[in-house]
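Here, each number is a calculation from the coordinates, and none is a lab measurement. Because the structure is a prediction, the values reported are computed rather than measured. Here the Cβ positions follow ideal geometry from the backbone for every residue, glycine too, while neighbour counts run over all protein chains shown.
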Amino acid sequence: MPNICIIGLGNPGTKYNGTRHNIGKDWVKIIAANTNLDLQVKKKIESTVGLSDDEKILWGYPNQYVNESGNSIKKILKTKNFSLEQIIIIHDDLDLPLGSLKLKIGGGHGGHNGLKSIISHAGKSFTRLRVGIGHPGNKVDVTNWVLGKFKPSEKDLIIESFYKFNHVIELLSNKDIHAAQLKLHTE
């Protein structure tokens, strides 16, 4: 059985690929492409998942909208026999500067509807990898902002943060969250 399950949040459909809200799902897809991870649609858990070569990580993403992610997470927990503490959710975060990463265990939803859904369906003791997408500056612009694609000038910072994430995957797979936090938060 895998040590952990890393789930990237994102909306279904190609029109959302590359949007700020899909950063978690997009990162899982990049990992899959770079490591020959065989992602398969699993209707029973309403998710697309694949097991890493070393069998330490179940990677995946829900097959429904971000705001309904909790249902998939609940099914993954039940069907795959994970505890909530073994789940790591990668998601966009408006409150962090573009490209910054924060690894956090537990907490509230901070206004993120995907996290709100997960907390209401499964609880809040999961780990979150918060990926900073910046804030549009005005609350009325938030929906268009999160559903918008990264500007060319922003992509380098996002690629850089993806590489930082890549450097802590081994620590995460060994359940060494604190060492991963130290590495991410001090670079």
Volume per residue of the C-alpha convex hull in the chain, rounded to whole Å³: 108 Å³
Environment charge at LEU58 (Cβ cut-off 11 Å; Lys +1, Arg +1, Asp -1, Glu -1): +2
Listed residue pairs exceeding 18 Å between alpha carbons, taken from LYS74/LYS175; LYS42/LYS164; LYS104/LYS151; LYS15/LYS139; LYS78/LYS124; LYS44/LYS116: LYS74/LYS175; LYS42/LYS164; LYS104/LYS151; LYS15/LYS139; LYS44/LYS116
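Can you tell me what share of the DSSP beta bridges in the range 4-186 is antiparallel? A percent to the nearest 5 is fine. Before the final figure, lay out each step's value.
Numbers: 14 of 28 bridges.
Roughly 50 percent of the DSSP beta bridges within the range 4-186 come out antiparallel.
For the chain, what are the DSSP H helices with axial Cα length of 20 Å or more and mean Kyte-Doolittle hydropathy of at least -1.0? Let's see the in-between values first.
Numbers: long enough: 152-166 (22 Å, -0.53).
Going by DSSP H runs, the hits are 152-166.
When DSSP assigns beta bridges and you keep just the ones with both residues in the range 78-132, what percent turn out antiparallel, to the nearest 5?
Values: 5 of 11 bridges.
Within the range 78-132, antiparallel bridges account for around 45 percent of the total.
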